[in-house]
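Here the structure comes first, spelled out in structure tokens, and everything after it is commentary.
The values are calculated or read from the model by the stated rules, or taken from the named source; none is laboratory data. Bear in mind that the values here come from a model prediction, so they are computed numbers and not experimental data. With ideal geometry, Cβ positions are generated from the backbone for all residues, glycine too; neighbour counts draw on all protein chains shown.
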Amino acid sequence: MLCTSDTQTVQHATVDEFRLLRGKLLGGAHLRDVKSLQESIARFGLLSPIIVVRRAATLVVVDGRKRLAAIRRLSFQGRLPRSLVRIPYLIASEAAPHRSMLIHNRELYDAISEQMQAGTNLDTLADTYHLSRQCVRDILTLTRLDPIIREAFFNRLINISQAKAYAAIPDRVAQIRRLRQMGLFATADDILAQDEQDEPEALVA
């Protein structure tokens, strides 16, 4: 997720407190995706909260069905990381029914970039998409990324903190070099710290 509105705060619940809109079992390619997520979550934890709406005492999942399925499989196998005994989640904004929460990162980036180029100001963009001004700034930060790194973010291979750290490196060639050196799981602090340590490369005669 790129970001959420100012009123959104991360909360936590046990796996049994979540319900799916559809109870159908995931199979085929979907099951392969779940198994892949399962291994990622087992190694690195949950990279983004599950998005829910509250119905009475139930948390109904509106974004994160495969992630929840992967967590349930890990729990059943006794492999659930301790950090996920209580799972992070966000409540989808009822003031803007899932609009800013569930829109794909790429679509949100394209829409905001296009409107900014057309002269739309920051406040209008924030109001239109029910986002904070800081969130809009974060989205526009992605324009400074090498397209390969931006695509990695859109495909959820890196998160917004990592993307902003790479965007802080002015040279896009250096961004790609850093990504190859540090991999997908380097923290934003590590990326920025490494940037400070780098020395200019010697000229080849």
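List of remarks:
- Subset tally (residues that are more than 17 Å from residue 117 (Cα to Cα), loosely packed, with under 15 Cβ neighbours inside 10 Å and polar (S, T, N, Q)) for the stretch 132-148: 1
- Given (1) at pLDDT below 85; (2) under 15 Å from the mean Cα position of the chain (by Cα), number of the condition residue 111 does not satisfy: (2)
- Members of the stretch 1-31 that are over 21 Å from residue 154 (Cβ atoms), at pLDDT 65 or above and assigned to a helix (DSSP H, G or I): 15, 16, 17, 31
- Selection within the stretch 143-189 - more than 24 Å from residue 40 (Cα to Cα) and among the hydroxyl-bearing types (Ser, Thr, Tyr): 143
- Selected residue (criterion: modelled with the lowest pLDDT) from residues of the stretch 160-182 that are surrounded by fewer than 16 Cβ atoms within 10 Å (Cβ to Cβ) and under 26 Å from residue 108 (Cα atoms): 161
- Counting the residues of the stretch 24-83 that are small (Gly, Ala, Ser) and at negative phi gives 11.
- Filter result for residue 142 (under 16 Å from the mean Cα position of the chain (by Cα), at pLDDT 90 or above and part of a helix (DSSP H, G or I)): yes
- Residue list for the stretch 158-189, filter: within 30 Å of residue 121 (Cα to Cα) and not in a helix (DSSP H, G or I): 158, 159, 168, 169, 170, 171
- Selection within the stretch 58-93 - without any contact (Cβ under 8 Å) to a residue 40 or more places away in the chain and exposed (fewer than 14 other Cβ atoms within 10 Å of the Cβ): 76, 77, 78, 79, 82, 83
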